[in-house]
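Chemist: Following this message is one structure expressed as C-alpha cells.
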Amino acid sequence: MAAENVDLALAIGRAMKAVDPKLIFVALAGSEMERAAEKLGLPLAREGFVDRLYDDDGNLASRKIPGTVIHDPAVASERVVRMVLDGEIVTMSGKRIKRQVESLCVHGDEPTAVTVAKAARAALEKAGVQVVPLTEMGIA
C-alpha cells in the first residue's frame with residue numbers, strides 16, 4: 001500500500017528517521033516509497049523483484065493473477081540481469097520501464113525461492129555484477 005500511497009510512505013520514512021536516520025529505506029523502485037525517502041533525505045535502496053511480474057505502472061502485479069510469480073530460474077535470471085545492467089523492468093504486457101535498482105528481493109514464501117535466488121546470483125556474477133550487502137554499497 002505504501003508503494004502507491006504517499007501518506008503511508010512518508011509515515012514509514014518519518015518513523016525510520018525517528019529511530020535512526022542512517023537506516024536504509026528499501027523501497028520499490030519508482031514508487032511513493034522511493035519519493036518519500038528522497039523527500040526525507042533518508043539513505044535509499046531501490047528494490048527490484050527477481051521473482052515477480054510488474055504492471056505497466058511499474059508496481060508489482062497482484063499475486064492473485066495467475067503467472068505473476070516467476071518460478072523458472074532461467075526466466076528470473078534473464079530478467080534480473082536486464083534489471084541490473086540495463087536499468088529496466090519489463091512489464092507483463094512487454095512494456096519496458098527504466099528503473100534503477102540497488103536491492104533485489106526473492107520471496108522466501110515460494111517453494112522455488114532458493115533455486116531462483118541461486119540462479120539469479122549466478123547470472124549476475126557471470127555478467128560481472130558483484131553482489132554485496134547494502135551496507136557495503138556506499139548508500140548514504
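A short reminder: the numbers here are calculations on the coordinates, not readings from a lab. Bear in mind the structure is a predicted one, so any value in this text is a computation, not a measurement. Methodologically, a virtual Cβ is constructed for each residue, glycine included, from the backbone with ideal geometry; neighbour enumeration extends over all protein chains shown.
Chemist: Give me the count of lysine pairs in the chain whose alpha carbons sit under 29 angstrom apart, restricted to pairs 8 or more positions apart or on different chains.
Modeler: Number of lysine pairs found: 14.
Chemist: Calculate, in nm to one decimal, what Asp57 and Val90 gain on full extension: separation in residues at 0.36 nm each, minus their alpha carbon distance.
Modeler: Using 0.36 nm per residue and subtracting the Cα-Cα distance, I get 10.8 nm.
Chemist: If you don't mind, there's one more thing I want to ask. Does anything in the range 105-134 have its amide N under 17 Å from the 7 Å Cα→Cβ label point of Ala74, and if so which residues?
Modeler: What the label zone holds, given the 17 Å backbone N cut-off, is 115-124.
Chemist: How large is ³J(HN,Hα) for each residue in the range 70-78, as worked out from phi by the Karplus curve 6.51 cos²θ - 1.76 cosθ + 1.60 (θ = phi - 60°), to whole Hz, x for Gly and Pro?
Modeler: Ordered by residue, 3J(HN,Hα) equals 8, 9, 7, x, 5, 5, 4, 5, 4 Hz.
Chemist: As I understand it, the value is the acute angle between the Cα axis of helix 6-19 and the longest principal axis of the Cα atoms of the chain; what does it come to in degrees, rounded to 10?
Modeler: Tilt relative to the chain: about 70 degrees.
Chemist: In 5 Å bins starting at 0, how do the alpha-carbon pair distances of the chain split up by percent?
Modeler: 2, 10, 19, 21, 20, 15, 9, 3, 0
Chemist: R0 = 30 Å: FRET efficiency of Leu8 with Val132, Cβ-based, nearest 0.05?
Modeler: 0.50
Chemist: Relative to the longest principal Cα axis of the chain, at what angle does helix 113-126 sit, 0 to 90 degrees, rounded to 10?
Modeler: It is inclined by approximately 90 degrees.
Chemist: For Cα pairs less than 8 Å apart in space and 6+ apart in sequence, what is the mean separation divided by the residue count of the range 1-47, i.e. the relative contact order in percent?
Modeler: 41
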